[in-house]
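**Q** Can you keep this structure in mind? I'll have questions shortly.
Nothing in this text is a laboratory measurement; each read-out follows from the coordinates by a stated rule. From a predicted model like this one, the values you see are computed outputs, not experimental measurements. Backbone-built Cβ (ideal geometry, glycine too); neighbour counts: all protein chains shown.
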Amino acid sequence: MSGSALFETFARAPLAFERGEGSWLIAENGERYLDFAGGIAVNSLGHGHPHLVQALTEQAGKLWHVSNLYEIPGQSRLGERLAANSFADRAFFTNSGAEALECAIKTARRYQYKNGHPERYRIITFEGAFHGRTLATIAAGGQAKYLEGFGPKVEGFDQIAFDDIDAAEKLIGPETAAILLEPVQGEGGIRPFPTASLKRLRELCDKHGLLLIFDEVQCGVGRTGKLFAYEWSGVSPDLMAIAKGIGGGFPMGACLATDEVASAMTAGVHGTTFGGNPLAMAVGNAVLDVVLEDGFLEEVSRKALLMKQGLAAIVDEYPDVIAEIRGTGLMLGLKCTMPNTKVNMALRDQKLLAVPAGENVIRLLPPLTTSDADIQEALERIRAGAASLSKAAANGG
Ligand SMILES: *Cc1c(COP(=O)(O)O)cnc(C)c1O
């Protein structure tokens, strides 16, 4: 039944959903699932948020697509708003996270080229990284399982161990253009870079004329309780990729840059057909309307604390199932004691959706709009799932 005319690239759960309401997904058979997977950190405002539905349907009646041959007022507006609320001055809009990263990688190389350093094209990345599935971004991510069988790896990416800043310093050479990292690794297992490490990397970049690129495709747009995760560290990048949360479910992303860096990308050197179309921009602006409302991000932090405290209590009760809680804001990870796939199944049996990640972690990525009641319900379901696994393990199962 699960789509025999489709590529078999996804190991799909045997579930199909028909509707969504806030933190909930309703299956075709009427069963309700608490959605703390959030379409992998995409449904930042949950399902069916009235403001997003209104923005999308209003725009759908007016204009969907015109191409970047013309002015797109919604694009200018979203660019200005992102710039006003970040380190950046300019934005390039894309349809996905990987394309936002491609733009960041090309911009970094082009910036060095324009400044008399065409030899600088290499980018340092960190183990556990995930930057997308295009040929360049699998090279940047460096994971063997994503590179295998796809021909020669795109040249110019050098990977070091997670958070090994000494190794980064040693690796910087005459061909280095930039350092790329996720301030909080997502797929890699919800691993935040320490603030001190980000500060050292910033200093290294400044000293050697390198660009610092942040991939906030997963951790950006309110996920950590600030609009962007880098704000917690006080360390600003020169380039940043965002996607996932900014569209709230509509496919879109952006590459953000300072004026100086963006100026390397002159007319004609890069492009996109769909990126930044009026429909996407209407939704992106609507997401920002909500996330930038007074007090919204403080609420994310308050709810995150509630969730983290509840999860910590479950770790105390069932250390044979969950070893520790990691992460920040509503981007939390359960480091599992038993295989994370088993824990994920047990949560699904409780009708709670979560996402496995590297390092034997289960990701919890609820909508930023989730309620205290939904969080309590999720905690009860996680506790029940952990209890059943703990009991089964004690019985030798
Ligand atoms: C999901 C993700 C990407 C890739 O985004 P796509 O929209 O799937 O191309 C890149 N970087 C990070 C950190 C991600 O989580």
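**Q** Rounded to two decimals, what is the ratio between the C-alpha radius of gyration of the stretch 240-378 and 2.2 N^0.38 Å?
**A** Details: Rg = 18.9 Å, N = 139, 2.2 N^0.38 = 14.3 Å.
Dividing the Cα Rg of the stretch 240-378 by 2.2 N^0.38 Å gives 1.32.
**Q** So for each of 62-71, 36-45 I average, over its residues, the number of other beta carbons within 10 Å; can you give me the resulting order with the highest mean first?
**A** Values: 62-71: 10.6, 36-45: 24.3.
Going by the mean number of other Cβ atoms within 10 Å, highest first, we get 36-45, 62-71.
**Q** Give the distance, in whole Å, between the Cα centre of the stretch 174-249 and the Cα centre of the stretch 322-397.
**A** The stretch 174-249 and the stretch 322-397 have Cα centres separated by 26 Å.
**Q** Projecting each Cα onto the charge dipole of the chain (Lys/Arg +1, Asp/Glu -1 at the beta carbon, about the Cα centre), which of 283, 154, 180 comes out farthest on the positive side?
**A** It is 154.
**Q** Continuing with this model, one more query. Specify which residue in the list 297, 269, 361 is farthest towards the positive end of the charge dipole of the stretch 222-369, using unit charges on the beta carbon of Lys, Arg (+1) and Asp, Glu (-1), about the Cα centre.
**A** The residue sitting farthest along the positive end of the dipole is 361.
**Q** Using θ = phi - 60° and the Karplus form 6.51 cos²θ - 1.76 cosθ + 1.60, what ³J(HN,Hα) does each residue of the stretch 267-284 get, whole Hz, x for Gly and Pro?
**A** 3, x, 7, 8, x, 6, 7, 8, x, x, 6, x, 5, 4, 5, 4, 6, x
**Q** Assuming R0 = 35 Å, can you tell me the calculated FRET efficiency for the pair residue 388 and residue 294, based on Cβ-Cβ distance, to the nearest 0.05? Don't skip to the end; give the middle numbers.
**A** On the way: r = 42 Å, r/R0 = 1.21.
E between residue 388 and residue 294, to the nearest 0.05, is 0.25.
**Q** Ordered by packing density, taken as the mean number of other Cβ atoms within 10 Å over each peptide's residues, highest first, how do 112-120, 350-358 rank?
**A** Working: 112-120: 15.2, 350-358: 21.9.
Going by the mean number of other Cβ atoms within 10 Å, highest first, we get 350-358, 112-120.
**Q** Hey, another quick one. Hey, quick one: spin label on residue 69, modelled 7 Å out along Cα-Cβ, who in the stretch 263-297 has an amide N within reach, i.e. under 19 Å?
**A** Under cut-off, by backbone N: 267-279.
**Q** Continuing with the same structure: Mind computing the radius of gyration and Dmax over the alpha-carbon atoms of the stretch 317-397? Å is fine for both.
**A** Looking at the stretch 317-397, its Cα Rg and Dmax stand at 12.1, 40 Å.
**Q** Classify the stretch 230-272 as rounded, prolate or oblate from the Cα gyration tensor: take a ≥ b ≥ c as the square roots of its eigenvalues, call it rounded if a/c is under 1.5, otherwise prolate when a/b beats b/c and oblate if not.
**A** Details: a/c = 4.50, a/b = 1.10, b/c = 4.10.
Oblate.
**Q** Is the C-alpha gyration tensor of the stretch 27-181 telling us rounded, prolate or oblate? Criteria: a/c under 1.5 is rounded; beyond that, a/b larger than b/c is prolate, otherwise oblate.
**A** Details: a/c = 2.31, a/b = 1.46, b/c = 1.58.
Note, shape of the stretch 27-181 comes out oblate.
**Q** Going by C-beta contacts inside 10 Å, put 148, 299, 21 in order with the fewest on the left. Display every interim value, and only then the final one.
**A** Working: 148 8, 299 16, 21 13.
Taking fewest neighbouring Cβ atoms as first place, the list is 148, 21, 299.
**Q** In nanometres, what is the gap between the two model label sites at residue 373 and residue 395, each 7 Å from Cα along Cα-to-Cβ?
**A** Using points 7 Å along Cα→Cβ, the separation is 3.4 nm.
**Q** If you rank 150, 7, 214 by fewest surrounding Cβ atoms within 10 Å, what's the result?
**A** On the way: 150 12, 7 6, 214 29.
Taking fewest neighbouring Cβ atoms as first place, the list is 7, 150, 214.
**Q** Something else now. Taking the chain as a Gaussian network, where each spring joins two C-alpha atoms under 10 Å apart, which residue of 154, 217, 184 fluctuates the most?
**A** Sorting by GNM fluctuation, first place goes to 154.
**Q** Using the Cα centre of the chain as the reference point, and only Cβ charges (+1 on K/R, -1 on D/E), how large is the resulting charge dipole? Debye, rounded to the nearest 20. Could the numbers behind the result be given before it?
**A** Working: 37 positive and 47 negative charges, 80 e Å.
The calculation lands at about 380 debye.
**Q** Let me ask you something else. Which three extents, in angstrom, do the Cα atoms of the chain have along their principal axes, listed largest first?
**A** Extents along the principal axes, in whole Å: 66, 54, 47.
**Q** In Å, what Kirkwood hydrodynamic radius results for the stretch 160-295 from the alpha-carbon pair distances?
**A** On the way: mean 1/r = 0.0615 Å⁻¹.
Roughly 16.3 Å, rounded to one decimal.
**Q** What does the charge count near residue 195 come to, summing +1 for each Lys or Arg and -1 for each Asp or Glu among other residues with Cβ under 12 Å from its Cβ? Walk me through the numbers before you get to the answer.
**A** Details: positive: 199, 200, 202; negative: 163, 231.
Surrounding charge for residue 195 is +1.
**Q** Working out 0.36 nm times the residue gap between residue 13 and residue 119, then minus their Cα-Cα distance, what length gain in nm do you get to one decimal?
**A** 33.5 nm
**Q** Follow-up. Kindly count the pairs of lysines across the stretch 220-379 whose alpha carbons are less than 19 Å apart, treating pairs on different chains or eight or more residues apart as eligible. Walk me through the intermediate numbers first.
**A** Details: 226/244; 226/303; 226/308; 308/335; 342/351.
So the count of such lysine pairs works out to 5.
**Q** Considering only the other residues whose Cβ falls under 14 Å of the Cβ of residue 128, what net charge follows from Lys and Arg at +1 and Asp and Glu at -1? Please list the in-between numbers first.
**A** Details: positive: 145, 191, 326, 335, 363; negative: 127, 163, 164, 182, 187, 215, 359.
Here the count lands on -2.
**Q** Sort 360-366, 374-380, 262-268 by the packing proxy (mean of other Cβ within 10 Å over each peptide's residues), most packed first.
**A** Numbers: 360-366: 26.7, 374-380: 18.9, 262-268: 13.7.
Taking the mean over residues of other Cβ atoms within 10 Å, the ranking is 360-366, 374-380, 262-268.
**Q** With charges only on Cβ, +1 for K and R and -1 for D and E, what is the dipole size of the stretch 223-313 about its Cα centre, in debye, rounded to 20?
**A** Values: 6 positive and 9 negative charges, 95 e Å.
The dipole of the stretch 223-313 has a size of about 460 debye.
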